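Below: the structure, in structure tokens.
The values are calculated or read from the model by the stated rules, or taken from the named source; none is laboratory data. Predicted model, so just to flag it, every value in this text is computed and none were measured. Please note: Cβ atoms are built from the backbone with ideal geometry, for glycine as well, and neighbour counts cover all protein chains shown. Surface accessibility is based on the protein's heavy atoms, side chains included, excluding ligands, DNA and RNA. Shrake-Rupley method; radii C 1.70, N 1.55, O 1.52, S 1.80 Å.
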Amino acid sequence: MTLDAEDPSAFKAWLEQNGPIESIQAVVCDLNGIMRGKRVPVEQAAKVLGGGIRMPLSIVGVDVWGEDIINSEQVFASGDRDGICGVTGRGALPVNWTSRPSALVPLWLLLEDGKPFLADPRQALAAIVREYEELGLRPVVATEMEFYLIDPEPDSAVPPISPYTGKRLDSDAILSIDELDDFGEFFSDVYKECARQNVPADAAIAENGIGQFEINLLHTDDPLKAADDAIFFKRIVKGVARKHGLAATFMAKPYGTRSGNGMHIHFSLLDADGNNVFNDGTDEGSAVLKNAVAGLLRGMPETTLLFAPHFNSYRRLRPDTHAPTAVCWGYENRTSAIRIPGGNPAARRIEHRVAGADANPYLVIAAILGAALVGIRNKWKPSAPVTGRAYAAEKLPKIPADWGQAVDAFEAGPIAAEIFDPVLRSMLIACKRQEIAGFAEQVTDYEFSAYLEIV
């Protein structure tokens, strides 16, 4: 059970049910989807839950290595001022896979006057949700999360050893029940911890890569909870994997020649009466659905940086790899970036297939809902849906295949500017350009061995 109340007395009651707890992890989520914060003695719970924790506003904009951004306006130009860490309403979450029991309290950043700091990725998503609420609409969101289990010892990705057979996995096993059984204890503990943290884990399947799995998270009409669930799920999987002598990775492409890890987002929209506005009783879906698709397509080049935020992300976006490469949509077509699943028209929805599992769920969902909202407001109409293999359609516009191009498109994009606060955009752009420079300075082992004595 999780704690939904914010008062100390409720936390005391929660401790009695979930203890013993020795410490509290008071955390915010940065732009890279990494939790950052403080370890606080459990005796200071009232301070954490009462907004008494402060952290620098710049903390959400550090690079993937945790380094400050050089010449950042949020650091030295402003004196690196603090923000107030308010509770998100999710409460405290028990963490039981570490050596000492603790609780995680998710927080988000507020300015000194109590207003949201819109460069906080959770606050950015909340701002989009408020815009839907003003129109009397409620997004329903679900996520599909892919990951690899790997051997924790090597420095590069190596398939794990089956706890059941004692042999290292050596082949793809899509939808293999045997492979799920091999790691049954791991999955049992994942589901147990998801239940404790109120993360609605649904079906698990063996995916296309060696040691690759997918777990779907059930839909909710609270997009903030859907993003929370995805963030917490990743932490649960990694933590439980360590407990079982394994490692788990959500890297977009841990193996160069095997399937990448995606994070597919499904969403629909409900009106004030609970009706799905994407449903018009037909297989095609309503005009509102098509308006939303048009917004997603126009915004896709500008928002690719949110779906593919890292150097490794762009190894996944390649033809014939079950990841999209073209800006297109289609009905029941998994080669397109936007898929409209079939089935009962009452459940008509959009599946967005671009994001990798390495992306920040708050920013991914904000980008998707934001671009769809722009399309709905402007009543845009999409291009014709693709049929067949989208990879072969040469005339289709392409998703940016280069990290630097994606940063430039995000910086110049009018739709991205409409969705996200200027401070968030400037912080993310500076962060990514610093990371690009960091990777450019590195000479890989492969590069070294190829050129050292040859040229």
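Which numbered condition in (1) within 27 Å of A347 (Cβ to Cβ); (2) open to solvent by 10 Å² or more (accessible area, probe 1.4 Å); (3) part of a strand (DSSP E or B) is the only one that F267 fails?
Just one mismatch for F267, condition (2).
Only residues in segment 359-381 that are farther than 15 Å from L118 by Cα count as the first member; pair them with residues that are among the β-branched types (V, I, T) and open to solvent by 30 Å² or more (accessible area, probe 1.4 Å), Cβ under 8 angstrom, at least 6 apart or cross-chain, and list the lot.
Correct list of pairs: I376/V288.
In this structure, is K234 more than 23 Å from T88 (Cβ to Cβ), touching a residue at least 24 places away in the same chain (Cβ under 8 Å) and not in a strand (DSSP E or B)?
Judged against the criteria, K234 is not a match.
Quick one: in segment 377-396, which of the residues that are among the polar types (S, T, N, Q) and in a loop (DSSP other than H, G, I, E, B) is nearest to D320 (Cα to Cα)?
Of everything passing the filter in segment 377-396, T387 is nearest to D320 (Cα to Cα).
Of the residues K225, K238, K192, which single one is basic (K, R), under 15 Å from N261 (Cα atoms) and surrounded by fewer than 23 Cβ atoms within 10 Å (Cβ to Cβ)?
On inspection, the qualifying residue turns out to be K238.
With the checklist (1) open to solvent by less than 50 Å² (accessible area, probe 1.4 Å); (2) more than 21 Å from A252 (Cα to Cα); (3) part of a loop (DSSP other than H, G, I, E, B) in hand, flag the one item V374 doesn't pass.
(3)
Would segment 325-333 turn up any residue that is out of contact with any Pro (no Cβ under 9 Å at 6 or more places or on another chain) and either of a type in the set (K, R) or in contact (Cβ under 8 Å) with a residue 12 or more places away in the chain (or both)?
no
How about segment 96-132: which of its residues are in a loop (DSSP other than H, G, I, E, B), within 20 Å of I419 (Cα to Cα) and acidic (D, E)?
D120
Quick check on my filter: what residues within segment 47-78 are open to solvent by 60 Å² or more (accessible area, probe 1.4 Å) and over 16 Å from P116 (Cβ atoms)?
Selection gives K47, G50, W65, E67, D68, I70, N71, E73, F76, A77.
Somewhere in segment 138-145, is a residue in a loop (DSSP other than H, G, I, E, B) and open to solvent by 20 Å² or more (accessible area, probe 1.4 Å)?
Looking through segment 138-145, none of the residues is in a loop (DSSP other than H, G, I, E, B) and open to solvent by 20 Å² or more (accessible area, probe 1.4 Å).
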